[in-house]
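Below is one structure; the comments refer to it alone.
Only the coordinates and a few stated rules stand behind these numbers; no lab work does. Keep in mind the model is a prediction, meaning the values are calculated, not measured. Neighbour counts are summed over all protein chains in view; Cβ atoms, including those assigned to glycine, are modelled from backbone coordinates with ideal geometry.
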Amino acid sequence: CILYAFVQTYILKKIKKKKKVEELQNQNKQLENEIRIEKMKSNDSELDRRQSVTTLHNRMFQKLLDAKDTSEEKISMLQARVRELETALMSDERIEGLDQPSSVRSDEHISDNYAQQIRELKQTIKLLELENSTLKQAKHQNIVEIASPPFLLTYFCLSTTNETPFFFL
């Protein structure tokens, strides 16, 4: 009888331990699954972050190229306008035979206006050429220039690493 009771308690303890081991194994599997899910989420978020940084770099580089093209177009248009005004100024200066004082004053006023416009356009061309050369330098240095109001330039440094991009004035 005592032996029977001893065997019975031994078997019950063994069954309880077996259930506890199975319970711990189930918990272990559940935790491993949760870890696997977290790793997948982490990898996905890292991939999304890299893609967004790449997209940002591509957009900023495209803006740099667009700004460069735009400034070159403006320079060409302004140079053409300067040539037109210089031609008009020269033709006005060549007009001879005007004896009326009011016509002479009017022509002088027109010539002064043309000369002023030419000076302003040449100054604008110089500023645009400076901006264009800055854009070209920024392109070679992997820096994107964001054009703000005249004479205020902000630079955005494109990092080839995974660091946070930075701005400087």
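Structure above, values below:
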item	result
Length gained when the stretch Gln25-Ala80 is fully extended (0.36 nm per residue, less Cα-Cα span)	11.6 nm
Stretchable slack from Leu65 to Ala88, in nm (0.36 nm times residue separation minus alpha-carbon distance)	4.8 nm
Inter-probe distance in nm under a simple model that places probes 7 Å from Cα toward Cβ, at Lys126 and Lys16	9.7 nm
Sites Asp48 and Ala5 - FRET efficiency at Förster radius 45 Å, r taken between beta-carbons, to 0.05	0.10
